[in-house]
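Below: the structure, in structure tokens.
The values are calculated or read from the model by the stated rules, or taken from the named source; none is laboratory data. Please read these numbers as outputs of a predicted model, since none were measured by experiment. In this analysis, Cβ positions are derived from the backbone assuming ideal geometry, glycine residues included, and neighbour counts consider all displayed protein chains. In case anyone asks, the SASA skips ligands and DNA or RNA and just uses the protein heavy atoms, side chains included. Shrake-Rupley method; radii C 1.70, N 1.55, O 1.52, S 1.80 Å.
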Amino acid sequence: TPASPANQTTITILGTSEANASIGMYSGADCANTPFTVVIASSNGSFSASASAPTDGSHVFSARATDTASHVSTCSASITYIKESTAPQVASTSPTPNATNIPITSSVTATFNEALGGTPASSFSLTTGGNPVSGTATYDSTTKTITFVPTASLAYATTYTATISRSAIVDSAGNSLA
């Protein structure tokens, strides 16, 4: 735990083995070198070990058990944890900030640098003079774009403000909008 990808430097690896076995935890898929920690499985065989993922990217872990009679298991199947700490950012908008002569039937879009989690469309609002503009916002995970389509045509010669709630925008690792 946590689910991957995430932005945590310490993760917990859970597993099962023979009761009271010593479990060597390894960085890498092949149980090579010295284990970074050794834990003892409980009487029901469950164990928990902490592992470090200090940098962004993939971190692979594996385990090898030694039972109370000193029999050593083969190396376990590996698990991969992806640490990702890059905050999502707005890559582009349409119309662009301070644009003029925009067609009154225009939709408003915000495209992000990475896919978002949760319900990002709910974080988007369009206002004029502090009053909300009625419409529908949707999120397309393929294009990483929130699109707001006003219910009615926009007014001529009017300033509109598009707002995205920073706290509501997170990526799949839980990083908030930059």
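Listed values, structure above:
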| quantity | calculated |
| --- | --- |
| Arg64 accessible area, assembled protein chains, probe 1.4 Å, Å² | 70 |
| Relative contact order (%) - the chain, alpha-carbon pairs under 8 angstrom, separation at least six | 20 |
| Neighbour net charge for Gly45 - beta-carbon separation under 11 angstrom, K R +1, D E -1 | -2 |
| Rough spin-label spacing in nm, given labels placed 7 Å along Cα→Cβ, for Ala29 and Asp56 | 2.4 |
| FRET E, pair Arg166, Ile82, Förster distance 22 Å, beta-carbon r, rounded to 0.05 | 0.40 |
| Over 17 Å [Cα-Cα, segment 97-140], rounded percent | 43 |
| Relative packing of peptides 10-21, 98-109 - highest average C-beta neighbours within 10 Å first | 10-21, 98-109 |
| Extension gain (nm, one decimal) between Thr37 and Ala91, 0.36 nm per residue minus Cα-Cα | 15.2 nm |
